[in-house]
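Reviewing the structure listed below.
The values are calculated or read from the model by the stated rules, or taken from the named source; none is laboratory data. Owing to the predicted nature of the structure, the values given are computational and were not obtained by experimental measurement. Don't worry about glycine lacking a Cβ; one is built from the backbone with ideal geometry, like all the others, and counts go over all protein chains shown.
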């Protein structure tokens, strides 16, 4: 049994969070294989992982009641088979797959889809915070990003995990930003940003199919989801990064208390 010390609970929480992230990205290893990395926590951790698997399997069977029985069934059956879930016996010949929108990476995918491309992790972190409030995302994804105060403002490390998970599963791709000679009609701030961001994120062809499926589910669950995603993308997606950060700092002052750049960002607002 794991020792009863203040660090054990945190290690259990981190290990469980890591496993759930892998489940969310369809990249989870077997429980025994995962426990081999966390041998000192195996007794306490195993039942948690088994419970997470059961919850994941049940989530795969969720179908919004407002969607007609035959809609999207043929492609949904293929998606369910790929996820190892029970397949619906009803078949039709066309339509996008139906996937419950119930995990935090679903919102990340919809945000990238709405923008076409998203520049840098910092922008991703801030926009997911704004989106979570805009659509009350925790109603649909109980594990939605829980930003906390950090050295550079509101932050959630699981954004990084989800990006990596979506890259591993071929849903998201990262490219180096292209720095070009600026045209006269080109946004200077975006060119400057190309020097600062580590990657530009886009959906792969597989990712666009997933986004199409999630769009159908979002429409069925609550049209406000897509309206909120598109509003946040349109309102904040093309702002210079420092302007976006300033908006976030003003809106969430309680999440800026540890920031090393707070004075520079807010300036005379203080």
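Scan 211, 218 and give me the residue that is touching a strand residue (DSSP E or B) at 6+ places or on another chain (Cβ under 8 Å), at pLDDT 90 or above and surrounded by 15 or more Cβ atoms within 10 Å (Cβ to Cβ). Of the residues listed, the single one that is touching a strand residue (DSSP E or B) at 6+ places or on another chain (Cβ under 8 Å), at pLDDT 90 or above and surrounded by 15 or more Cβ atoms within 10 Å (Cβ to Cβ) is 211. Go through region 101-122 and give me each residue that's part of a helix (DSSP H, G or I) and more than 18 Å from residue 218 (Cβ to Cβ). If the condition is that a residue be part of a helix (DSSP H, G or I) and more than 18 Å from residue 218 (Cβ to Cβ), then 121, 122 are the ones that fit. Number of residues in region 144-164 that are in contact with a helix residue (DSSP H, G or I) (Cβ under 6 Å, 6 or more places away or on another chain) and closer than 13 Å to residue 108 by Cα equals 5. Taken over region 248-261, the criterion of being in a helix (DSSP H, G or I) and surrounded by fewer than 16 Cβ atoms within 10 Å (Cβ to Cβ) is satisfied by 250, 251, 253, 254.
Looking only at region 188-207, decide whether some residue is touching a strand residue (DSSP E or B) at 6+ places or on another chain (Cβ under 9 Å), in a helix (DSSP H, G or I) and either outside the structural domain of residue 114 (by TED's automatic domain parsing) or modelled with pLDDT of 90 or more (or both). So far as region 188-207 goes, yes, one or more of its residues are touching a strand residue (DSSP E or B) at 6+ places or on another chain (Cβ under 9 Å), in a helix (DSSP H, G or I) and either outside the structural domain of residue 114 (by TED's automatic domain parsing) or modelled with pLDDT of 90 or more (or both). Screening residue 34 against (1) farther than 18 Å from residue 103 by Cα; (2) modelled with pLDDT under 70 leaves a single unmet condition, (2). Of the residues making up region 148-184, those that are closer than 16 Å to residue 14 by Cα and either assigned to a loop (DSSP other than H, G, I, E, B) or modelled with pLDDT under 90 (or both) are 156, 157.
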